Amino acid sequence: MAVRTLNEASTVLGLRWFGIFYACDMFQRPLICTDLTDGLQRLVHFIPSLAANGMQQITFLHAVPFSQRQTIPQIDEAKAQAARDRLSSAQTSLPENVKVNIEIQGGKPLDCILNAVKIYKPDLIILGTSSQGALSGRLFGSTLSELSKRAVAPLLILRPQLLSTYTIEELELRCRHLFRYLLVPFNGSKASNYSVEKIKQLAVNRPPDFLQKCLLYWVIEEGNYSDLLESCITPEIRQKLESAETELQSLGIEVLSQIAQGESVPQTLNVATEQDISAIACSSGSFGTFVEWSVPSFASEILKRSWYPVLYFPPQRG
């Protein structure tokens, strides 16, 4: 169990950020970032259920903010020890071939996450949204945006309101089925094709409870919503949807496809309530870029508004 200040971690690993691009495969090395109020701290009690998803090296990260009154940044050892004590139960009675790391660092959450990425090379970063008001929400949004720009790993966003209300029995089942049934917003765009490609990579050599089913959901926004849906479905739409469906089915995934009319974000969130999904999986070509300031992306709106877990694939930018 390591306790590091930001300066100490940087000294060990070098001060330069080289940019780590991820190769998406079945998730084996998740980095769970918790502020100990977001519900993610409860996951320390469900390591066997997380391991059922193929996870073998699970790291819990907690960032202890530096005091504004300090001239030289220094971690509060009492707070660090308290955090370590709360998370240490994750390291007891582990399943075979599963390792759990407890990482306590001092500094800003984003800086601590990037340092932990260098140390543990996670293939998934799990984050909880803020439950502490608008200011914390903006800070969380900037962290999420920066992680997307750096494309260090796929991100799984979980709502604290969801995690905090589950009973032990319910949360055990949720952890076991994190990725069992994915809702994939799809419209033949580069971003949606990218999501399908990453899901295909995840499907290789997956465990039984992992990626059993996908719903490809295409929302037609153009045209008059009073028109009959069938008149809006072009041969090109059918071809692109069928092609993606066939690619996923070839890997043994049960695939459903559905086409709807309306506004993409509300329609997607509505269908999520009607299906037995585990998470919404998406990507974006603009989230985390300057374009996002003027035209919010579909993915960013889903991340802001979805009460369902969101699996986000940051696009690699060369």
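FYI, it's all coordinate maths here, none of it is from the lab. Everything quoted here is computed from the prediction, not taken from an experiment. Here the Cβ is made from the backbone with ideal geometry for all residues, glycine too, and neighbour counts use every protein chain on show.
Quick look at the values:
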{"read-out": "Extended-chain gain in nm, criterion 0.36 nm per residue less alpha-carbon gap, Tyr166 and Gln81", "value": "27.9 nm"}
{"read-out": "Table column - 3J(HN,Hα) (Hz), the stretch 238-249, Karplus curve with 6.51, -1.76, 1.60, x for Gly and Pro", "value": "4, 5, 5, 5, 5, 5, 5, 4, 5, 4, 6, 4"}
{"read-out": "Placed amide H near Phe186: partners under 5 Å, 5+ positions off or other chain", "value": "Tyr217, Trp218, Val219"}
{"read-out": "Cα Rg, Dmax (largest Cα-Cα span) when computed across the stretch 179-313, Å", "value": "14.6, 45"}
{"read-out": "Note, ³J(HN,Hα) from phi for the stretch 203-217, Karplus 6.51, -1.76, 1.60, rounded to Hz, x at Gly and Pro", "value": "6, 6, 6, 7, x, x, 7, 9, 6, 7, 8, 9, 10, 8, 10"}
{"read-out": "Vicinal HN-Hα couplings computed from phi for the stretch 93-105 (Karplus, 6.51 cos²θ - 1.76 cosθ + 1.60; Hz; Gly/Pro x)", "value": "6, 7, x, 4, 6, 10, 10, 10, 10, 10, 10, 10, 10"}
{"read-out": "Amide hydrogen neighbours beyond the local backbone of Gln261, cut-off 5 Å, H modeled", "value": "Ile220"}
{"read-out": "Residues Lys190, Lys108 arranged by fewest to most Cβ contacts within 10 Å", "value": "Lys190, Lys108"}
{"read-out": "Taking N as its residue count, the alpha carbon Rg of the stretch 82-218 over 2.2 N^0.38 Å", "value": "1.19"}
{"read-out": "Kirkwood-Stokes translational diffusion coefficient of the stretch 208-280, alpha-carbon pairs, 4 °C, 1.567 mPa s, µm²/s", "value": "96"}
{"read-out": "Extended-chain gain in nm, criterion 0.36 nm per residue less alpha-carbon gap, Asn97 and Ser243", "value": "48.8 nm"}
{"read-out": "Cβ-based exposure ranking for Ile157, Ile125, Ile119, in which fewest neighbours within 10 Å come first", "value": "Ile119, Ile157, Ile125"}
{"read-out": "Cβ-based exposure ranking for Val100, Val265, in which fewest neighbours within 10 Å come first", "value": "Val265, Val100"}
